[in-house]
Each structure stands twice: as structure tokens, then as C-alpha cells.
Amino acid sequence: MLSATSDAEVSARSASVASLLARRTIKRARDEETEKHLQESCVSLLLRHQNTSELLLEITSHGKIRSISCDGCAGLQRDTGVQTALLESELRRTAEQTGVPVGLLSARVLLENIEDLITQTDTNTQQVLLNAKQRTDVCALLQSAQALMSAGIFSPELLWQEYWKLQPVLEVVYHLHTHSILTLDFMLERDAAVSAWISGQLRALCASGEASPDDQQIQQILSTVVCVLVRRAFEDCAHKLSQTCCVMLDSMIWWLLDSLSDKGAETPAAGFWVQVFDVSVFAGCVTEETLQHFFTHTLMRVLTYRPVYKVSDVIAVQSDWSFAKTPPLLTALFCKVCVVFSVERVLSQLQQVLETHEVNWRHVLWCVSHLLIYHSQTQRCLTDLLSRLLSSAFDGYDVEKMITLLLLGRQASLEGPAVFPSYRDWFKLSFGGSSSYHAKSKKSTVFLLKFLSDLVPYEPPQYLKVHVMHPPFIAGKYRSLLQEYISLAKTRLRDLKVSLEDTGIFEVVNGSAGVLECPAQQDVEKAVTLFMTSSKIPATVIEASIFRRPYFQSRFLPALLSPRVLPVKSDARMMFIEALRKADKIPAALYTSYTESCQRGTYRPKEGVCKSSEDDHLLLLQDQFLHLRTMMSAGAADGDVRAQLSRISLTLKNVCADEETGSDVITLNRDSPDPAHAAGLDGGGPVLTQGHQCSTARRQLIEKRLHAGVGLSYSKMLNCVIRFISLQLPVKSDARMMFIEALRKADKIPAALYTSYTESCQRGTYRPKEGVCKSSEDDHLLLLQDQFLHLRTMMSAGAADGDVRAQLSRISLTLKNVCADEETGSDVITLNRDSPDPAHAAVINLILQSFCLCLLDASKVNPPNRQGSWPSVFVTVLLGHRWLVSALTHRLWDLLQHQGGALSAAHVLGLAALQAELHYCRRSCPPLQLQGSSAAALPVSECLSDALLCSTRSHMALCLRFCVAVLSYGLCRANAQAEELHNFIPQRLYKKAQYVMARLVPETRAHMSDEQESDLGTDLTGGVRDSAVALWRSAPIRSLKERPQYQLSFSEWLSSELRVQRSRDALTDPERQEYEQWACEQYYLPMSQHDGGCEGDVTGLCAHIISAVLDRNTACRTGGSSPQHTDSCLPDLLSLLQALLYEVAITQQNTSEETSHFLWDVIDSRCTVTPDPDSTGHELTHQLTLQDISRILVLVPPALLLSVRTHRTGRTLDCQRMMKYISHVQRTACGDVGLLPFNLTAHFLKAVVSCGVSCDRPAEAVDACLSLFSTECPLLLLSAARWWTRLRPVLSSQWKRLTGRDALPDQLQMLEDSHRWSRRVCAGCVWPVPSAPSWLLAECVHTSLRRSDGEAEDVNTLITQLLETDRQVLLFLFVLSVMELICAHLNEQACLKRVRDVSVCLLAHLVDDSDWLLLFDWSGSDHRLPHFLSRVASQQTLRLMPLAFYSMLSGVEPEVLAAAARCPGFLYSAAASYRELSRLFLSGPQQHQQQQVLLQARSILMSSISLSSPDCVTPGQSRQLQSEYEQLDPEISAALRSFT
């Protein structure tokens, strides 16, 4: 039931709806037919009793318009037409009724509504801006006005006429202009007073921006108005509004400059007007030519604004007008105005203004600084301008151009060496040469000196010091004029209480302000450096000791004689002090005090000695670097980074007052890293602390200040809190920043204080209010830290290059304030490892930390090839501070060489980038020299490359990481700068990369050998090993090998390989052998000599290996970077050398007989220079080299030591080179009684036997060769006789193995017979004397005596027997005994008494034979005895013969001495021996034992004189001895007169 009922109802309803719809359609059709009639009825109804003003508001009601959807757009248009028609009808009706013209009536109606809208919502009668509701309603009214104007019932002219009578609002005028109702052009033409009103409204609009949040609307209004003014002022100068608009723009720029001149205050209002100079404002509004005219006009107005400064005032205060002190708004104005011009155009405009107008010198100089900081090409352009000014000034003797020249040059030098040379260098370059303009004539000279003299009363002292210390070049005949100027300048300096005596003797005074705190220490360092170079006291020091005696005695000597713990071995400073003492330049009392203080190990600084001030600038520098990191993270522009680096440079300058004092050569102490500047990387460790983390000392300082502020007022306390937080503002909001924001939202922080805080953070500076937390210790450091933080922010934000440069300039200025004497110092920079200055450790660490963090922050935004030039500007700023260079290099050396294992990947990347940038800026950096090294000075980047060791696995790992990072970074930077790659890659580092990559990454060997083609792409995103392979696939990296200076030669590879410690090598023994074999045989052997290889010459390869082995002893003395150790790869290389030499020996058998003795050539080239016998170091090095040569010789195949010559009679042995080596080289190294060591003796004889076998008659060839040795080089056979017992089985076995014969060759058999005879003779048997040289028999007897260690009776028996059989053998036995006696004296052997007894016994038997005296003959006799001695004894042995002479005579009996005294020639030999003995002892250090020997010898000589007869010396000999002894010993000379 319910269901049926429901269905029925639904059906009924459906029918009812259908019928209703049908009826609705019929009704709508009737409505359309009567629509026009209804509209007319409605209009008629509305026209009755309507108010036109209310009707206009009703029509423009935006509530209705906003309620209409897009679908009702057509209806809206129909409604708008109805409304316009309605309004038009009403206006016409009212005009007819009132008799007022409809145009005037519509204008009045519009103005009434506008005024009502403004006054209803705002009672401020001076407003220039509308609020949002007012702006919406006014725009709606103006749209209706547009419709009425289209209908012809609205008059814009009448509207303005009526509106001008009221109080216009600038934004309403702006909307009238943008709605094309009333243009600004019309308004300016209509009423002359409009220009003044608009100017005032523009200033009010800018001022309103401080309180209004609608900055965008303000900029739109300003931009629109300015575009109209610029177009009318500069597009058509003949237009009647041109002058009016130009005056309006001038009034605004003067208002802007007025706001900046009020005690340097900057208002936000002025900042709004600066923004209108942005080029983007004029896009599409004015032409480029018009814009350039406007900017040129603006620049001229800025430069000529209020020329209140006299030239004398400018000269006095110019040093305070650097870029960093330029108001930021003026800097921004310069940036915007100069952007459309080239630097040449701006400088040309500046020169034109200077020549035609009175200028505001402060603005002119600030403009020059801006160009230098923001435009890298300014230095070149400005230098050209200064050159033209200099030429023009002297051509016309124009004083004004000279003033301009001087001021511009000084201003440029104020910005630091990163952008322009120092004033000292510029002044010397301009006036210091004989070809300078002023040196061409007397008139020019007088003009310059008169000009400088006129400036003296106004000159700051720093410039006067430059002129006095580096005067202009003046010809000799005009020197009196120069002296007059110098006297005048010195008088002025005395009036200013600035003494030149405070200037160091080597100091280069520059134009920057400040007084050098410590010139004496720098003078000492340079003087010591020059003394090390020339071994003479520098002439400047001598002159200072005479002409600057007060400074020399009160400053220089106390600094030099600062007590210290003296080293065991005299260092350079000790030798220099000793040289001054000998020259009587050091008072005895001062020297005595110095030595006593050193012995006590105390340090009491003398009065006048420079005292190190505390580091007041660390915190400031930290803030600046943090700011720089923030700029890097934000991707700041290059100019802003440069500006920030400039501020850092200034802070660094203030860290050290002795800026630029020292040498241009930096001496680096590898073993004792300078702790002076090492504290910022986490307490001396290599870890770089994060910029936002505060050190403990700093937190304690801040806490102390906060506790001190408890008693302050709330405002001051809040300032303390804000300052504490602003010191460490991070890039992202941290807890403190969120806490500050919460306080601000809760209205707990005053708006002015918060605004100051934010602006300080943005500028990177913080100037504490008077009375709030001041501290003289850390203000500069806090400022630097803030500046670096701002720089980091700029990096993170991707700031423009010019902005970054500007920020670096501010940092440079801060660094300059840290060290008051910027640019002042010596030409020599040295690192004093004995007393390092710890003043700047924190600054150095802050710099390294900030650079690394800025690089990482900047890399987050852009890769290195898109970061601009900020890194090079950063480094250039640092290099502008000489005191910083030595500390920085010391720290880098210490990090790379001693702490490399603790460096993370980020640290390595940052340091690698710094290394590349140092190389790029190498011309701005003084060279570096390792302390104690005789090698030439090198650029810092090259020298630091040597800090990378490759001796252990950890060293190699660091070297690989660092080299990959430097090459990768350099590749990116070279692509970005369009520079050659070699400008970023140091030569030595590239060589290190070749060495370590090939050693640790075998995949790179094929690419280094050019066995594989380079890939088109280079993927550096993998690990270190993958990146190394990718780098060698890169064509630019490989192309560096084509440069000779970048090629790792075979000799350099060998030197590196010999420094590797085998036990700590990264390679296993098989891997190392495989690598060395690849390097030698596959890489360097086929390589051309031009590229450092051997061109397939195996002998050349062997020669290189031999030279490297011999050079390893001199590496430490010449400044090698790795300490010498015994655990080297020498055995591996010697093994490889031996294999290569055997290959040469086999090859030589199949080549011509003229094959060069390359081995002897190499050895001769190393042994041609005889060491200085007075130099222990050189003598020791020579002995070590000879030991290495001996080690190599025993590895050489015997066939290579001799050559076989073919003659008509057959094949013979050529042993000339071997004899030459033994006689001239090896003889000097004989230590044991003038004999060759056993291994060399055996190897040489084996070579004779081996090569003799290849002759036609082997035995005869061996005999002929040994016979030649017997006559020309007896040392070999003499040594063979000494070692025969051990040699005989070796040689017998070899001879039998090669020839199959048992009988030895005659010469070898002679040695066997001689030994057999000596043994029998020493045993007391009588045996026939074999046919052998007397000296050979004597050696055999001497060997038997040494072996038997016989008693005196046995020796006497042997001597008696030899006297009867062969007296010559006894004479040569005496020679050998004397040589043994000398050896015993040298080595202080225990057998000295026994050896002397044998020598005395032999002398007693030979005393009647005058031949023994020939052994001590000093007249050059040709007797065989001295001839033999000269062939077998070393030079050392020959020099000690007088010692042996008197050593024997001291042991003889009186009767033997008397018998000797009667021998002819004895007295002359004794006197000559004493003379030589005296000279020998006097040439060395004096010891008590030596004095005793000399006194004993003198006593023997006096006794001999008394025992000698008058005819024992000839008259000529007597006169000679008397003349020689007159100076040596007058008493002996008097005794010798009895023989006259």
C-alpha cells in the first residue's frame, strides 16, 4: 500500500514539474520582447531626485563588481554600460540645472569623492601614500573617470586646475598618470610650482618608507616619476621641460648627498632613492643613450657636490677615505651609476670633471676606490691615466695635474696591494729612475722638488718617510737641491715627533699610516739572510754602525743579541754575531752579557728590543671569516667577496705592526714549524673548527661581559645580549636567532635596537654603543669575524662579483687597522725558527678556517667554475700583508707535512684550493726559501708542494688526495677564468701527481704512457682513485706534460723513489718491483730526452740510476724535503741496475770496440771536483759519494770495467780509465794505510782476468795489464799484496774456470811468490828474493809483520837481514810504516805505540842513509821514494807527513837524533816539517793535545839546531828558513842565524 501510494505521488509531481517548465518558457519569451521597454522605464525612474556624487560612488562600488563571477562577464559589461549612461545623463542634467559646464562638474564630482575617500580613512593631511582601501577606491573612481572622458563629458585640464587648488597627494597624481588621465608632463608644463612640489613629495615618499610596509608601491611610484623626469631632461635637451626636470633630479641627488654628509649618517629614506638608479628601472622607458647621459650627469653632480675641501686638507686626511670607510649608500650609488660604463669611460669622465670643475675630493677619491675594488681592470686603466697625467704635468709644469696625480696614486695604494701597488712602489716607479720625466732637465727637477717642498707642511709623516727613505732620482749636480728637500722633510718629521731612527736599516717605508713597532728584529733577520748568502757582513749594516750608531747600538744589537739556547753547531745567527765581533762592531760588555745569558738559558729582553704585543684581533678576524663563509654559501658576487677580503686584509694588517719588514725571500723551517700562527685549527691540530662554534676563551670573555653587565640598565644589558648573539650569526636560524625573534614578536626588544642589530649582521660590522661592553683586546677580531660571516652569507646567496670584492675590501681595511704599519718593512721576509712570534696564531687559523668554509659554502650554490674570482682576490688580499705570508706558509707546511693524516676531505679540498690560488697569485707573493738550504728561492706554491712527502703509505695517500683536489680545482678555475691551466697548477705539485698517481693507481699508467686515447668527458664525482684516472683522461691535464718545466724527468722520479721507506711503503715488494720495472723499461726508456727520458738508450738509463744513487747523500744538504733514512728503495734500484748493466755487457760484446765507457764517464763527472779539505761537511759528503761509487762498482759486470782493443798484433786490454779512477779518485778514499778495500781490489782483478780471457793470449794480456798497473798505478797491486791471502783462492778459481789452467799468469804468480818469501823472511829463514818490485816485497813483509804482531827483537832481526839482502825493500818498508803511523794517529788506534816502535826501529837502522829524508822532502825531488809515495798516499796522508816525522823523532834515542842531525839535509827537512806542522795546526781549532805536540816538535827542532854542524844547510836554505821563521817563531829564526 505504501509503495503504490508513493509511486502515484511521484508520477503526479513529475507531471506538475513538466507543466511548470513549459509555462516558464512561455513567460521568458514575453520578457525578452519587453526588455528594452523595461530598461527605459528604469532609467526614467532613477533620474528622478538623484545625487550625482552618491550615484558615482554607487556605480564604482567594488563590492558588487567583486561579487560577479567570470561567467557573468557579459552581464557585467552590460551593467557598466548602463551605469555609465546613467551617470552621464545625471551629470548633463545637473549641469543644465546649475549652469556649470559638464566637464567642470564631472571634475569636481571626482575630486569630491577622492577627498572624501581619503579623509574618511586617514586624517593625516601630509600623506603621500594611500592605504590599501584608499588605493582600491581611487583606482575605481579613475576607471569611471576614464569612461566619462571617453564619453567627452570629463576634462583632465579642469581636473588638474581644481586639484592643484587643493592639497594633492603624490600617489593620486601617480594614479592619474598611470591611468592616462593626467600625465606628469602635462602637470610640469602647466604649473612651474609643480616641480618643487614633486621634489618635496619624492623626499617625503622616501621618508615614509621607514614606517610603511609597502616598499613595492614606493618603488613603483619613484620609478615612474624618475623615468618621466629622465626622459624629459636628457632625451631632448631642447624641450622646454629639460631644464626643469634636470633641476628636480639635481635637487634629489643633493638631498641624497646631504643625508650622507651629516656626520656620515645614513637614513633608510636615502636608500629608497638610491634604488631608482638601478638599470632595470629604466628598461623600456628610456633609451640607452639617454640613460648614459643621466648617469654621466649624476656622476658629475656627485663628484662636484659641495667642493669644501682644500687640497691641503685632502692631503692631510686622505688616509681616512679608503673604500671600507665609504658610506654603503654611496658605494651602492657608484655601483649602479658606473655599471653602464666601461672603466675607461668612467676614468675619462672623472678626468674631465677634475679639469673643468671644482670637485669634492672625498667623493672623487671614493669613486676611484670603488672602481679599484669592483672592477679588476681598473688597475691597468688607472696606471695609464696616471702615466698620462705625469707626462702632461711635466710637459706644462702644471701643479694642479701633479696634485691630481699624487692624490689618485695615494688613494689607489690605500686599497692594498691586492688591487694596486703600494705607495712606495708607485713612487719609486714614477720618480725613482733615471728615465723618469723629472730627470730630463734641470727645470723638471726643480719643479718636482719645489712641488714636494710646498707639500711638506701638510704631508702626513708616513708619506714624508717614503720620500726621505726612497727619494726621487736626482742627477749628481743637483743633489744639493734634493738634500735641501730631505732636510726640510726631516725637520717636519721632528716637529711631528716622528723619528727616522725608528725606521729599520733595511726598512722600506710606505705610505700607510702607523709606526713600525719592531723594525730591529726584521733588520736582524734580513742581515742574517744576506750574511748566509754572501758570507760577508752586509754593507748596509756596516754603514748603520757608522752613520746610524744610536739605532745600531740601542735597537739592532739588542735584537740581534737576544739571549737564547744556543745550538750545538753554529747556525747562521751565531756566525753573523761572531763576524760582527771580529769586526769590533759589538761592544765587549754587551757581548759578554749575551754569552752569559745564553749559557744560563734565560731570556731577559733588553731595553729597546721589540716586544710582542698580545693578539687583540683574533675574535674580529674570526667574525670576518665567518661572514665570508656566509657569502660563499649564498653564492655572493665576486666584487662583494673581494670587498670582504679587503676587510680581512686590514685586520691582518693590524695583527702585526711590522708589516712588510723582512726579506722578499721567505726561509721555511721544515723541521720546526712556526707555532706563532698555529692555534686556530683546533689547538694546533689540523682540524678546522666550524665557524659558528665559539672557543672556550671567547665564551669566557662573553660570559665575563654579561656578568659585568648585570649592574647596567636594561637597555645596555640588552645591547650586550644582542652583541653576544650577533657575534655568531649562523646561516640558518639557530636557537638563539629563534629566541631573539620570539622576544621581538613579544615587543621585548626595542625596534631601533633590533634594526641596528640586523643591519650590523648584514654589514658584517658591529660598532658597540658608547659604554656597552667595550674591549680593546678583541674589537678588531670581532669585526673581522662579523665581516667574514657576512662574506659567507653573500657566498650562500650567490651575490654579485662586485659585491664580494667590496666586502673583501672592507676586510682588508680591517686587517690594515689591526696592524697600524701596513706596507712598511724590509725587502727580505724570513721565518725565524729559533724564536717564532706567536702573536698571530689565531689569525692564521681563522683565515684558513674561513677560506675553507667559504669555499664549501660557495660550492653549495655554484661549482668552482661559476664562483667568480673571489678566491684569487681573497688570496691576493692575504698576500698584501707580508707579516702574514711567512706565518701562513709555516702553518700550511706544518699541516701538509706533519698533520696530513688528520685532515678530512673538506680540509684537503680547502687547502688544495688555497694552493691553486697561491700559484695563480704567485707574482704578488715573495719567494720562499727553506732555512738551511742552498737552493734558490721558489714561489710559495712551489715550495709548499715539497711539503707533500711520498716516503710512507700515509704520506702517499695524502699526496694523492691533495694532488687530485688541486688538479680538479685548477681545471675548474681555468675553465671559468679562460686561463691557461698552468696558471693554477704548480710545477712541482704536478710532478708529485705524476709520481704518486702512477705508483698508487696502476690504471693511470696507460694514460700517462699515451697508450690510450683521452675520453671526451671527465667525471670527477667518483672516489680518489677514480678521479685520478679521470684526470689523466682529460686532455688539458695531459697537455701540461708537454711543457718542459712540468715534466717529471727520470732523475726526479729516481730521487722520489729513493726517499720511499720500504718497510712503510704502500706497495708490497712484488708490486714495487713491477712498478719500478714499468717506470724504467716501459715509461722512461722509450721516452725522448726532451721529455726527460732516455730515448731507448739503456746505458743512459743506467747512468741516471747511478747518478741518483750518488745524489742521495747531497739531497739533505741541498734542501731535500724528506729526511735521509737507511730504509730506502736503494736495494731494489741497485738490483734493477745490475740487471740492466748485464744487458749492456751482453749488448756490448756485439757492438764496435769504440763503445763508450759510459760507467767511467758517469763516475768521472761526479769526481772531478775535489772537496775542500777545510770543509768537514763537503769532505764527509765526498767520502759518502765514494762509498756509493764503490758499492756500484762491485755490482758492475767485470766486462764493463775494461775494454778490449784490437791491434795488428792481436787483442789487448785497455785499462787506462780504471787506472785513472784508482789514481785520482779512489786513492783519496783509502783509509787503511793507503790501500783499496778488499771488495774493490778483488773486483778490479776479476775484471782484468775476465777481459784478459777474451784476448788471443790470455796470460800475456793479464801480465801486460798488471805490469802497466805496477808502473803507472801501483796502488792496485799494493792492495792486492795486502789482501792476497783472501784473493788467491778467488782468482785461482776464476782463472781455472775460464781457461782450464792451474798455473796463474806471471804477475799473479809474482804476488804468490812474494808472499811466500815474506813469510819465510819474517820467520828468520834465508830465502832468495823473488823478481818483484821493492815496494811490493815491502808490502808483503809489512803484511806479515802486522799479521804476526812480532816483538821488537824479531823486527830488529828482520831489519838486519834486509840490510844485508835488499836495502831498498827496507826503505820502502819504512815508507809503509810511516803511512801506518799516520793512520794510527788519525784513528787513535791502540796499536799506536807498536807502530811507532817499528818506525823508530827502522829509522835507527836507516839514519846513516840520507835516502830516508827524501820521504820528507819539500823541495820537489824526483827521487823514486817521494814519487812512489805520491802515487799511493792520499792528500791527507801527505799533509800529515810532518806529524809522522816528529812523532818518530820523539821516540828515538838521543844518539840516534844526534846521528840524524849530522846527516846532510836533515836540519832543512826538520825546519820545513815544523813549519808545515805549525800551519796545519793553526788552520784548525786549537786543542790542548795539539799544542803539546807542537811544543814537543819545537823542542826537537831546537835540539836539532844545536846538534847540527854549520855545513848541514846551504846558505840559500839558511836565508830561506830565517825569512820564513821571522814571523812564525823569531827564536828559531835567531837560532838559524848561526848557520849564516
#### Entry: helices (runs of 4 or more DSSP H) within region 203-318 that include 3 or more residues over 44 Å from the mean Cα position of the chain (by Cα)
215-234, 242-261, 288-303
### Message
Just to be sure before I move on: is SER1051 part of a helix (DSSP H, G or I) and closer than 17 Å to MET1008 by Cβ in the structure I sent?
### Response
no
### Query
Would a scan of region 1015-1024 turn up a residue that is in a helix (DSSP H, G or I), open to solvent by 20 Å² or more (accessible area, probe 1.4 Å) and either at pLDDT below 90 or touching a His at 6+ places or on another chain (Cβ under 6 Å) (or both)?
yes
### Message
Being in a helix (DSSP H, G or I) and farther than 25 Å from LYS991 by Cβ: is that true of LEU918 here?
### Response
no
### Task
Only residues that are modelled with pLDDT under 85, open to solvent by less than 10 Å² (accessible area, probe 1.4 Å) and β-branched (Val, Ile, Thr): list them for region 1356-1385, please.
ILE1359
### Query
Can you name the condition, by its number, that PHE323 falls short on among (1) farther than 19 Å from LEU386 by Cβ; (2) at pLDDT below 90?
(1)
### Query
Do you know which residues across region 165-206 are over 19 Å from LEU117 (Cβ atoms), open to solvent by 50 Å² or more (accessible area, probe 1.4 Å) and not charged (D, E, K, R)?
SER180, THR183, PHE186, ALA192, ALA193, ALA196
### Query
Yes or no: SER1318 over 17 Å from SER1270 (Cα atoms) and polar (S, T, N, Q)?
yes
### Message
Residue under question is MET1441, and the condition is that it be touching a residue at least 60 places away in the same chain (Cβ under 8 Å), closer than 26 Å to CYS1322 by Cα, open to solvent by less than 10 Å² (accessible area, probe 1.4 Å) and not small (Gly, Ala, Ser); does it hold?
### Response
no
### Message
Criterion first (of a type in the set (Lys, Arg), out of contact with any Ser or Thr (no Cβ under 7 Å at 6 or more places or on another chain), open to solvent by 40 Å² or more (accessible area, probe 1.4 Å) and more than 27 Å from LEU389 (Cα to Cα)) does LYS442 satisfy it?
### Response
no
### Message
If I go through region 1101-1121 residue by residue, how many of them are farther than 15 Å from ARG1191 by Cα, modelled with pLDDT under 90 and open to solvent by less than 20 Å² (accessible area, probe 1.4 Å)?
### Response
3
### Summary
Of those in region 301-357 that are among the basic types (Lys, Arg) and under 22 Å from PRO268 (Cα atoms), the residue surrounded by the most Cβ atoms within 10 Å (Cβ to Cβ) is ARG301
### Task
Hey, can you tell me all the residues within region 1030-1048 that are free of Cβ contacts under 8 Å to residues at least 60 places away in the same chain, of a type in the set (A, V, I, L, M), part of a helix (DSSP H, G or I) and out of contact with any His (no Cβ under 7 Å at 6 or more places or on another chain)?
ALA1030, ALA1035
### Task
Please identify the pairs in which a residue from region 1059-1081 that is touching a residue at least 24 places away in the same chain (Cβ under 8 Å) has its Cβ atom under 7 Å from the Cβ atom of a residue that is open to solvent by 60 Å² or more (accessible area, probe 1.4 Å), counting only partners at least 6 apart or on another chain.
ARG1064/ARG953; ASP1065/ARG953; ALA1066/ARG953
### Task
Go over the candidates ARG66, ARG93, ARG135 one by one and state the one that is in a helix (DSSP H, G or I), surrounded by fewer than 16 Cβ atoms within 10 Å (Cβ to Cβ) and modelled with pLDDT of 70 or more.
ARG93
### Query
Hey, among the residues in region 1453-1480 that are under 14 Å from THR1514 (Cβ atoms) and part of a helix (DSSP H, G or I), which one's nearest to the chain's Cα centre (by Cα)?
ALA1472
### Query
Any residue at all in region 560-573 that is in a helix (DSSP H, G or I) and without any contact (Cβ under 8 Å) to a residue 12 or more places away in the chain?
no
### Query
Would you pick out the residues in region 769-826 that are open to solvent by 30 Å² or more (accessible area, probe 1.4 Å), hydrophobic (A, V, I, L, M, F, W, C) and modelled with pLDDT of 80 or more?
ALA797
### Message
Looking at ARG891 and the list (1) of a type in the set (Lys, Arg); (2) in contact (Cβ under 8 Å) with a residue 60 or more places away in the chain; (3) surrounded by fewer than 24 Cβ atoms within 10 Å (Cβ to Cβ), which single condition is not satisfied?
### Response
(3)
### Query
Does any residue of region 1487-1495 turn out to be exposed (fewer than 11 other Cβ atoms within 10 Å of the Cβ) and outside any helix (DSSP H, G or I)?
yes
### Message
Go through (1) surrounded by fewer than 18 Cβ atoms within 10 Å (Cβ to Cβ); (2) touching a Ser or Thr at 6+ places or on another chain (Cβ under 8 Å) for LEU249 and report which single condition fails.
### Response
(1)
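The values are calculated or read from the model by the stated rules, or taken from the named source; none is laboratory data. Treat the numbers as computed from the prediction; the structure is a model and nothing was measured. Here the Cβ is made from the backbone with ideal geometry for all residues, glycine too, and neighbour counts use every protein chain on show. Heads up: the accessible areas ignore ligands, DNA and RNA and are worked out on the full protein's heavy atoms, side chains in. Shrake-Rupley method; radii C 1.70, N 1.55, O 1.52, S 1.80 Å.
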